[in-house]
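**Q** Starting off with a structure, shown below.
What follows draws every value from the coordinates through simple rules; no lab data is involved. Note that the structure is a prediction, hence the values are computed from the model and not measured. No Cβ is skipped: glycine too gets one built from the backbone with ideal geometry, and neighbour counts run over all protein chains shown.
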2 protein chains.
Amino acid sequence: MKKSRVTLTDIAKALNISASTVSRALKDHPAINKETKRAVVKLAKKLKYQPNLLALGLLQKKTYTVGVIVPEITGHFFSTVITGIRDVLSPAGYNIAICLSNESFQEEIAITEKMAKTQIDGVLVSPASSTKTYKHFKALQKNGIPLVVFDRDCPGLDADKVLVDDYDGAFQAVEYLINSGCKNIAHLSGPMNLSITEHRLQGYLDALGKHKFPVKQENVIHVSGFTHEDGIKPAQKLLKLKNRPDAIFAMNDCIAISAMHVAKKMGLQIPGDVSIIGFDDEPHSSYFTPALSTIWQPVYSVGMLSARILLSKLQEGEEEPELRREVFKPELIIRASSKAV
Amino acid sequence: MKKSRVTLTDIAKALNISASTVSRALKDHPAINKETKRAVVKLAKKLKYQPNLLALGLLQKKTYTVGVIVPEITGHFFSTVITGIRDVLSPAGYNIAICLSNESFQEEIAITEKMAKTQIDGVLVSPASSTKTYKHFKALQKNGIPLVVFDRDCPGLDADKVLVDDYDGAFQAVEYLINSGCKNIAHLSGPMNLSITEHRLQGYLDALGKHKFPVKQENVIHVSGFTHEDGIKPAQKLLKLKNRPDAIFAMNDCIAISAMHVAKKMGLQIPGDVSIIGFDDEPHSSYFTPALSTIWQPVYSVGMLSARILLSKLQEGEEEPELRREVFKPELIIRASSKAV
DNA sequence: TTGTACGCGTTATCAT
DNA sequence: ATGATAACGCGTACAA
């Protein structure tokens, strides 16, 4: 027997008044008798009345729910972004529906469709690494659902964007390695087709170029995913090269840790034989031995700003054609896994 | 100008037929003309019609959405549980609404209320460490919303539960330390009032008791939270004791890493001077130096089973009074941070 | 101050 | 095979 929940009408019947009066009493409507209001509020509390948000959403065409699509939440990055998003959206009265694409294009499409059906008010998204076209995002926009892209760019998609200057972070890291005397710098790059992969790779290449360092094909290896396991073989390949690199810039901390692990197993000194720098500044990165040098990003701010931008679109209602593109600067954090300059 | 999305009626008008016919055409109803069906489907596709799930939910009193309440997602544990939950619920046609209580009792209450309002079908929850009463959960149940508690128990709450035998895990760890020759074993315990904290502590105490080891007050310190920072001071306090422990069993890997960090800074050998064992088997735990011994839990299975139990309640409809209580056994994983037996 | 009527989008039921 | 109607729970314009 499905217990149906208490409704406005239930209260109205019990008090022998109309549902609209009950509605007004519960919403601080100006035109309402104090007595009736008191009675209604009292009974509502007693019956533990909960307004049905589905009905409200249907009526107002507004659900006060924002969808957040991220590829994963195992790492520090996205879970922190989500915290930033929540800290902005929650006080503003918005719900957050977190959805994981699992780095899968297909799942991402399924999620966006579901969101459109559930009448979500707006969407914050960081696309999966396997995402190739943006039709599903454009479909959302055509439905009048504002979209903000964060961290991972969607080149060619007209949307508000909050990004981090990955190019700059990579450039800083590699230039530091050069300044610290490294001569043969390798790069453990990310999965192809991902904006952050490309930008970090380009930063690496340009830093080498600026200092007239030759770029060697063999020194750049793409990993297939973001787990430790994904980094092991590529790191081995790199460190077994005839002309072994004396520095590795890894696309993230997780992969950097794999590289450290491999290097240590091979009996190499860090940073004596190989300097290593990661990206992301995961919370545990400073606890490894040696402590990992890395690139710090204003992750929490990325979440907050993305949410604020979405919020403004949501509240102004009128779509303003001016799209925002905000880019945060990352910072190099030098610890013990790289030589001093 | 808010673009309202395409509805059944829009399609009906365009085709000069009734909304119900359109509805039938789109749902493979038996009684429907092939021609009209073809026309409807074609137009629906062209117009990118998306059924409004709010309306459906309102009508059927079923939203096909399940709420998942977890204290945090930064660690490996809850993100993996969520994966398990999703892998069961998604194929069954259910949506998942992930909500973070942030270890806050207040937020947890707010979340449960919101879930009741949004007419969620069922709830999976692992309570916050600050949660003290279960009224909010009972309110959900009274509303006819099935509830499954996982990992962290709610003593006294009548609900389906999927737990891990934390007592047993702790017992195994401590007994191993004893067998490996440690004489003065300390425990970095979790926040008070948390079932897993109590069970792990009890396992520690009973293992000592079984082997006639004295229990020293000074050897048990509670940490206030689950981050690395929360573990530093307690670990320092422990390792600066006049009678320094020769082993530490930490309530989780994160805290164990803090302890390792402190020990190394003090120039202690691990496991020569201090053995260390954690709990959770985080993915990076084996990459530390020395690799961390720990307790592995069937995390993914916890998620899957919880979801399956909820699913059965959801589908059978009729509430069956028989509550399930499933307890998984954890496994001790010995790496390099503890001596061999 | 309060009640009535209507509509949000959908489906089930009954009628045609 | 198709259409009309009612219903889900709520808020609001309008009437009383």
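**Q** Run through the other copies and list how far each one's label point is from that of B:Ala139, in nm with one decimal, shortest first; the point sits 7 Å from Cα along Cα-Cβ.
**A** In nanometres, ordered from closest: 3.8.
**Q** Sticking with this structure for a sec: Among A:Leu157, A:Leu205, A:Leu188, which one moves the most in a GNM of chain A with springs linking Cα atoms closer than 10 Å?
**A** A:Leu157
**Q** Here is a follow-up. What's the exposure ranking of B:Arg152, A:Arg324, B:Arg335, going from fewest to most Cβ atoms within 10 Å? Let's see the in-between values first.
**A** Numbers: B:Arg152 22, A:Arg324 14, B:Arg335 17.
With the fewest neighbours first, B:Arg152, A:Arg324, B:Arg335 line up as A:Arg324, B:Arg335, B:Arg152.
**Q** Just tell me which aspartates and glutamates come within less than 13 Å, Cα to Cα, of A:Lys135; anything on the same chain fewer than 8 places away is out.
**A** A:Glu108, A:Glu113, A:Asp158
**Q** Could you tell me which of the pairs A:Lys242/A:Lys265; B:Lys183/B:Lys212; A:Lys117/B:Lys37; A:Lys138/A:Lys329; B:Lys264/B:Lys329; B:Lys212/B:Lys233 are separated by over 20 angstrom between their Cα atoms in the structure shown? Don't skip to the answer; put the middle values down first.
**A** Values: A:Lys242/A:Lys265 18 Å; B:Lys183/B:Lys212 11 Å; A:Lys117/B:Lys37 22 Å; A:Lys138/A:Lys329 28 Å; B:Lys264/B:Lys329 32 Å; B:Lys212/B:Lys233 29 Å.
Pairs exceeding the cut-off: A:Lys117/B:Lys37; A:Lys138/A:Lys329; B:Lys264/B:Lys329; B:Lys212/B:Lys233.
**Q** Something else now. Testing the spin-label approximation: label points 7 Å from Cα along Cα→Cβ at A:Val215 and B:Arg244. State their distance in nm.
**A** Going from the A:Val215 label point to the B:Arg244 one covers 5.2 nm.
**Q** Express in whole angstrom the spacing between the alpha-carbon centres of the stretch A:3-25 and the stretch B:63-141.
**A** First find each Cα centre; the distance between them is then 29 Å.
**Q** Follow-up question, since we're still on this one. How far apart are the A:Lys27 label points across copies, placing each 7 Å from Cα toward Cβ, in nm, shortest first?
**A** 3.0
**Q** Hey, if you put +1 on the Cβ of every Lys and Arg and -1 on every Asp and Glu Cβ in chain B, which of B:Ser275, B:Ile185, B:Ser104 ends up farthest toward the positive end of that dipole?
**A** Positive-end residue among those listed: B:Ser104.
**Q** Among DSSP bridges having both ends in chain A, what percentage is antiparallel? Round to the nearest 5.
**A** Working: 3 of 34 bridges.
Beta bridges within chain A, antiparallel portion: roughly 10 percent.
**Q** When a/c is below 1.5 the answer is rounded, else prolate if a/b is larger than b/c, else oblate, so apply that to the protein assembly as shown with a ≥ b ≥ c taken from the square roots of the Cα gyration tensor eigenvalues.
**A** On the way: a/c = 2.23, a/b = 1.33, b/c = 1.68.
Oblate, because a/c is 1.5 or more while a/b does not exceed b/c.
**Q** Can you put B:Thr118, B:Thr133, B:Thr227, B:Thr21 in order of Cβ neighbours within 10 angstrom, beginning with the fewest? Intermediate values should be presented prior to the final figure.
**A** Numbers: B:Thr118 23, B:Thr133 12, B:Thr227 17, B:Thr21 20.
So the ranking, lowest neighbour count to highest, is B:Thr133, B:Thr227, B:Thr21, B:Thr118.
**Q** Now, a different point. Only helical DSSP H runs with n ≥ 4 go in: add -39500 (n - 2.57) per run for chain A, normalise by residue count and round the 222 nm mean residue ellipticity to 500 deg cm²/dmol. Please report the intermediate quantities before stating the final value.
**A** On the way: 12 runs with 146 residues, N = 341.
Result for chain A, helices only: -13500 deg cm²/dmol.
**Q** With a Förster radius of 45 Å, plug the Cβ-Cβ distance of A:Lys13 and A:Ala139 into 1/(1 + (r/R0)^6) and report the FRET value to the nearest 0.05. Before the final figure, lay out the partial values.
**A** Numbers: r = 44 Å, r/R0 = 0.97.
Efficiency computed from Cβ-Cβ geometry: 0.55.
**Q** Given a cut-off of 33 Å, what percent of all Cα-Cα pairs of chain B lie beyond it? Show your work: numbers first, answer last.
**A** Details: 24559 of 57970 pairs.
So the pairs more than 33 Å apart make up 42 percent of the total in chain B.
**Q** Okay, moving on. Kirkwood Rh over Cα pairs of the stretch A:22-102 into Stokes-Einstein at 20 °C, 1.002 mPa s: D in µm²/s?
**A** Numbers: Rh = 15.7 Å.
The diffusion coefficient I find is 137 µm²/s.
**Q** Suppose the chain between A:Thr289 and A:Ser104 were pulled fully straight at 0.36 nm per residue; how much longer would it get relative to their current alpha carbon spacing?
**A** Details: separation 185, 0.36 × 185 = 66.60 nm, distance 3.40 nm.
My answer for the length gained is 63.2 nm.
**Q** Structure shown: which of B:Lys13/B:Lys48; A:Lys34/A:Lys313; A:Lys45/B:Lys62; B:Lys27/B:Lys48; A:Lys61/B:Lys114 lie over 27 Å apart, alpha-carbon to alpha-carbon? Walk me through the numbers on the way to the answer.
**A** Working: B:Lys13/B:Lys48 16 Å; A:Lys34/A:Lys313 38 Å; A:Lys45/B:Lys62 24 Å; B:Lys27/B:Lys48 16 Å; A:Lys61/B:Lys114 18 Å.
Check vs 27 Å cut-off fails for A:Lys34/A:Lys313.
**Q** Starting from a label point 7 Å past Cα on the Cβ side, list the distances from B:Asp158 to the same position in the other copies, nm, shortest first.
**A** Ordered by increasing distance: 6.0 nm.
**Q** In square nanometres, what is the average projected area of the Cα convex hull of the stretch A:8-51? Display every interim value, and only then the final one.
**A** Working: hull surface 10.5 nm².
Approximately 2.6 nm², given one-decimal rounding.
**Q** Where in the stretch A:248-271 does the label zone of B:His228 land, with the point 7 angstrom along Cα→C-beta and an amide N cut-off under 15 Å?
**A** Flagged as within label range: A:253-258.
**Q** Turning to a different aspect of this structure: Given a Förster distance of 30 angstrom, what is the FRET efficiency for A:Ser90 paired with B:Lys27, based on the Cβ-Cβ distance and rounded to 0.05?
**A** Working: r = 37 Å, r/R0 = 1.24.
Using R0 = 30 Å, I get an efficiency of 0.20.
**Q** Out of every Cα-Cα pair in the stretch B:109-250, what percent are more than 24 Å apart? Don't jump to the answer; show the numbers that get you there.
**A** Working: 4299 of 10011 pairs.
That fraction is 43 percent.
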